[in-house]
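Novice: Take a look at this one; I'll ask things after.
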Amino acid sequence: MLQNTGKLAGCTLFITGASRGIGKAIALKAARDGANIVIAAKTAEPHPKLPGTIYTAAQEVEAAGGKALPCVVDIRDERQIGDAVQKAVDAFGGIDILVNNASAISLTGTLETPMKKVDLMLGINLRGTYLTSKLVIPHLLKSRNPHILNLSPPLNLNPVWFKNHTAYTMAKYGMSMCVLGMAEEFRGQIAVNALWPRTAIQTAAMDMLGGDGVGKQCRKADIIADAAYAILSRPKDYTGHFLVDEDFLREQGVKDFDQYAVQPGHPLLPDFFLDETPESLVEKMEQHGATPAFKPPSSSSATPTSGGPVESTFDVIRGVINEDVVKSTQGVYQFDLSGEHTGVWFLDLKTGSGSVGQGEPPAKADVVMKMDSSDFSKMFSGQLKPTMAFMSGKLKIKGDMTLAIKLEKLMNRMNKAKL
């Protein structure tokens, strides 16, 4: 686990949905520094199916070394939020950090989603996040190192993440759009960032979605708490980032991720909105004994969308790889890109039907290719052959050279797809 540094000692955190799950885990991590925690959630009386109340969470916060203020808050209610904010200011003298964690979910299609559910998701995820931020920001502006952290995903506009649950995606992306806008609006004044898990996290919501057997495919909420703690410890000029827990913790020097697993060594279930498709998630859940409460209908691959030349290139790659390409290639590639679009990407042509994504590959790369991002785009659009790039010094290769040659076959496929 990431060690506490004491940087949040005396800070006041206003956390929505903090009576259980991820919100409570973040609260307890900060409490170990001696932070003040405002537990803003609806559960005042024990729930028949869900663990914990705002009062039991408050007891845990104080046992961990923090000070707690439990507040009954439905974040759709402006008056309740306003009252909780004022109580926090009266009790602790101000608010330094807002964590927008409260969320509602229904993974249902347009015709199957009652408007009551649509209103609930938009009311909590989008409107509730915006409203809570609006009421807390005046106090954050008085803090020395203010932060807003939304538990929401990167804005992945691949249609596969809309087609099966449009309402939920709209609502969840609304939280991410708050980050996009507010980070720029309050740049230099308040740090505004988003955090999302790489894998499924064991929570009451996940148990309902995945059914029996899903827990062993999950990580504990501690990984999100550690990542949140590291983000909130950064200065306020660290803003506008859409962070994935595992990737961010690797940057902080964390190497052992088995410590976060519910069942160390067991295959993990990737979370939504990243690189795995909904169909792939269902397949993995069922392979390991879970019974998913959602099953997306099968359909053809969605048209890729672009968010920059490198990302658009990988979108096209995603659309042309298949089991035949994997069988003929049998290699895992890592691309270390420099220049205007610096970053690390991977291309797995060794397992299943292949996969691509940002960051280091899940398995060790067979070949690492280092180049400028502009040369990468040229290479995959047919303007620059890998062999010529290597001979000219534009491409540095570490690992199996034959895989670099095999990559040209994939590039030919892409050019036929009219990159």
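Novice: Within segment 325-376, track down each residue that is part of a loop (DSSP other than H, G, I, E, B), farther than 18 Å from ARG198 by Cβ and of a type in the set (Ser, Thr, Tyr).
Specialist: Scanning segment 325-376 gives THR342, SER353.
Novice: Can you tell me which residue among ILE137, ILE148, ILE97, ILE190 is under 16 Å from THR239 (Cβ atoms), touching a Cys at 6+ places or on another chain (Cβ under 7 Å) and among the hydrophobic types (A, V, I, L, M, F, W, C)?
Specialist: Answer to the check: ILE97.
Novice: Could we say that GLY215 is open to solvent by 10 Å² or more (accessible area, probe 1.4 Å), more than 18 Å from the chain's Cα centre (by Cα) and under 24 Å from SER106 (Cβ atoms) here? Quick ask: steps written out before the conclusion?
Specialist: Values: open to solvent by 10 Å² or more (accessible area, probe 1.4 Å): yes; more than 18 Å from the chain's Cα centre (by Cα): yes; under 24 Å from SER106 (Cβ atoms): yes.
For GLY215, the condition - open to solvent by 10 Å² or more (accessible area, probe 1.4 Å), more than 18 Å from the chain's Cα centre (by Cα) and under 24 Å from SER106 (Cβ atoms) - is met.
Residue-wise test of (1) closer than 26 Å to ASP77 by Cα; (2) in contact with a strand residue (DSSP E or B) (Cβ under 9 Å, 6 or more places away or on another chain); (3) of a type in the set (Ser, Thr, Tyr).
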position	(1), (2), (3)
LYS7	no, no, no
PHE14	yes, yes, no
GLY21	yes, yes, no
LYS24	yes, yes, no
ALA30	no, yes, no
GLU45	yes, no, no
LEU50	yes, no, no
ILE54	yes, yes, no
ALA58	yes, yes, no
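Every residue, every condition in (1) touching a Lys or Arg at 6+ places or on another chain (Cβ under 8 Å); (2) under 17 Å from GLU185 (Cβ atoms), yes or no:
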residue: ASN125; (1), (2): yes, no
residue: ASN145; (1), (2): yes, no
residue: ASN150; (1), (2): no, yes
residue: PHE162; (1), (2): no, no
residue: ALA171; (1), (2): no, no
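Novice: Also, I was wondering about something else. Hey, among GLY82, GLY34, GLY23, which residue is surrounded by fewer than 17 Cβ atoms within 10 Å (Cβ to Cβ), in contact with a Gly (Cβ under 8 Å, 6 or more places away or on another chain) and either at pLDDT 95 or above or under 28 Å from ALA227 (Cβ atoms) (or both)?
Specialist: Unique residue meeting the criteria: GLY34.
Novice: Also: For segment 67-181, which strands (runs of 3 or more DSSP E) that fit wholly inside it have 3 or more residues that are free of Cβ contacts under 8 Å to residues at least 40 places away in the same chain?
Specialist: 67-72
Novice: Further question: Give the residue, chosen from ASP207, ASP226, that is charged (D, E, K, R), open to solvent by less than 30 Å² (accessible area, probe 1.4 Å), more than 21 Å from PRO361 (Cα to Cα) and in a helix (DSSP H, G or I).
Specialist: ASP226
Novice: Still on this structure: Please count how many residues of segment 11-37 are in a loop (DSSP other than H, G, I, E, B) and farther than 19 Å from VAL85 by Cα.
Specialist: 4
Novice: State all residues of segment 136-171 that are of a type in the set (A, V, I, L, M, F, W, C), crowded, with 19+ Cβ neighbours inside 10 Å and at pLDDT 95 or above; if no residue qualifies, say none.
Specialist: Across segment 136-171, the qualifying residues are VAL136, ILE137, LEU140, ILE148, LEU149, LEU151, ALA167, ALA171.
Novice: Between a residue in segment 25-39 that is at positive phi and any residue that is in a loop (DSSP other than H, G, I, E, B), which pairs come within a Cβ distance under 6 Å, given they are 6 or more apart or on different chains?
Specialist: GLY34/ALA9; GLY34/GLY65
Novice: Which of the residues that make up segment 38-59 are closer than 17 Å to THR12 by Cα and out of contact with any Ser or Thr (no Cβ under 8 Å at 6 or more places or on another chain)?
Specialist: Of everything in segment 38-59, those that are closer than 17 Å to THR12 by Cα and out of contact with any Ser or Thr (no Cβ under 8 Å at 6 or more places or on another chain) turn out to be ALA58, GLN59.
Novice: Residue pairs, Cβ under 7 Å, 6 or more apart or interchain, first in segment 189-203 and at negative phi and of a type in the set (S, T, N, Q), second at pLDDT below 95 and open to solvent by less than 10 Å² (accessible area, probe 1.4 Å). List them.
Specialist: Going by the 7 Å Cβ cut-off, the qualifying pairs are THR199/CYS218; THR199/LEU269; GLN202/CYS218.
Novice: Do any residues in segment 238-261 that are hydroxyl-bearing (Ser, Thr, Tyr) have Cβ atoms under 9 Å from those of residues that are modelled with pLDDT under 95, where the two are at least six apart or on different chains, and which pairs are they?
Specialist: Sorted first by the residue in segment 238-261, then by its partner, the pairs are TYR260/MET1; TYR260/THR199.
Novice: Right, another one. Go through segment 240-270 residue by residue and tally those that are surrounded by 17 or more Cβ atoms within 10 Å (Cβ to Cβ) and either touching a Phe, Trp or Tyr at 6+ places or on another chain (Cβ under 6 Å) or aliphatic (A, V, I, L, M) (or both).
Specialist: 7
The values are calculated or read from the model by the stated rules, or taken from the named source; none is laboratory data. The shown structure was predicted, so the numbers you read here are calculated from the model rather than taken from an experiment. Here the Cβ is made from the backbone with ideal geometry for all residues, glycine too, and neighbour counts use every protein chain on show. All accessible areas refer to the heavy atoms of the entire protein, side chains included, with ligands and DNA or RNA removed. Shrake-Rupley method; radii C 1.70, N 1.55, O 1.52, S 1.80 Å.
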